């Protein structure tokens, strides 16, 4: 038997809503050349493109709705630090040779890489503000380990950048995704 996951449940609910809507219209004729549906009973016109855009907007807003908020220290680290092995603890990817500091996530796009304790599972997405680095919110993914408690260690290019722009600061950060599934 297939396992039920959140994505399958969401698809099922969307299908039920669409079927219910179509059945309640009393007309299920959708011309191929037009992108609108007419319903003479209500004398209203529905713009299918506008509905799709609104739906996508709702999904996107949901991605950035915090699940929880933590407080902790923010520090910066580099792949060749004295206690670092040069690979990410969650994926085993070699960041020392490849010199990467970002990851391309399928839902959030290009995000920064952070290390955390096991309080946050691998693949968790966090978001925080830190004006020394960016005027916009910073979105990051947990792909490494090596910190304790609720502290976060941001992977950066070099030790000078870590010392001059990050140092050790108290921050509050939002959990947007816990692990690889929302």
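The values are calculated or read from the model by the stated rules, or taken from the named source; none is laboratory data. Since the structure is predicted, the reported quantities are computational estimates derived from the model, not experimental observations. Neighbour counts are summed over all protein chains in view; Cβ atoms, including those assigned to glycine, are modelled from backbone coordinates with ideal geometry.
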- Task: Within the range 164-180, identify whether any single residue is outside the structural domain of residue 56 (by TED's automatic domain parsing) and either without any contact (Cβ under 8 Å) to a residue 24 or more places away in the chain or touching a helix residue (DSSP H, G or I) at 6+ places or on another chain (Cβ under 6 Å) (or both), and answer yes or no.
- Result: yes
- Scan the range 150-182 for residues that are under 20 Å from residue 88 (Cβ atoms) and out of contact with any strand residue (DSSP E or B) (no Cβ under 6 Å at 6 or more places or on another chain) and jot them down. 157, 158, 159, 161, 178, 179, 180, 181
- Message: I need the full set of residues from the range 147-180 which are part of a loop (DSSP other than H, G, I, E, B) and buried (at least 18 other Cβ atoms within 10 Å of the Cβ), in order please.
- Response: 147, 151, 156
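Per-residue answers, yes or no, for (1) closer than 17 Å to residue 177 by Cβ; (2) part of a loop (DSSP other than H, G, I, E, B); (3) in the same structural domain as residue 161 (by TED's automatic domain parsing):
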{"site": "97", "(1), (2), (3)": "no, no, yes"}
{"site": "107", "(1), (2), (3)": "yes, yes, yes"}
{"site": "110", "(1), (2), (3)": "yes, no, yes"}
{"site": "113", "(1), (2), (3)": "yes, no, yes"}
{"site": "123", "(1), (2), (3)": "yes, yes, yes"}
{"site": "129", "(1), (2), (3)": "no, no, yes"}
{"site": "135", "(1), (2), (3)": "no, no, yes"}
- Out of curiosity, is residue 73 within 27 Å of the chain's Cα centre (by Cα), surrounded by 11 or more Cβ atoms within 10 Å (Cβ to Cβ) and either at pLDDT below 70 or not in a loop (DSSP other than H, G, I, E, B) (or both)? yes
- Query: What's the number of the condition residue 51 fails, among (1) exposed (fewer than 14 other Cβ atoms within 10 Å of the Cβ); (2) part of a strand (DSSP E or B)?
  - Reply: (2)
- Note on the structure: Considering the range 130-146, residues that are surrounded by fewer than 21 Cβ atoms within 10 Å (Cβ to Cβ) and touching a residue at least 40 places away in the same chain (Cβ under 8 Å), and then whichever is nearest to residue 167 (Cα to Cα), we arrive at 130
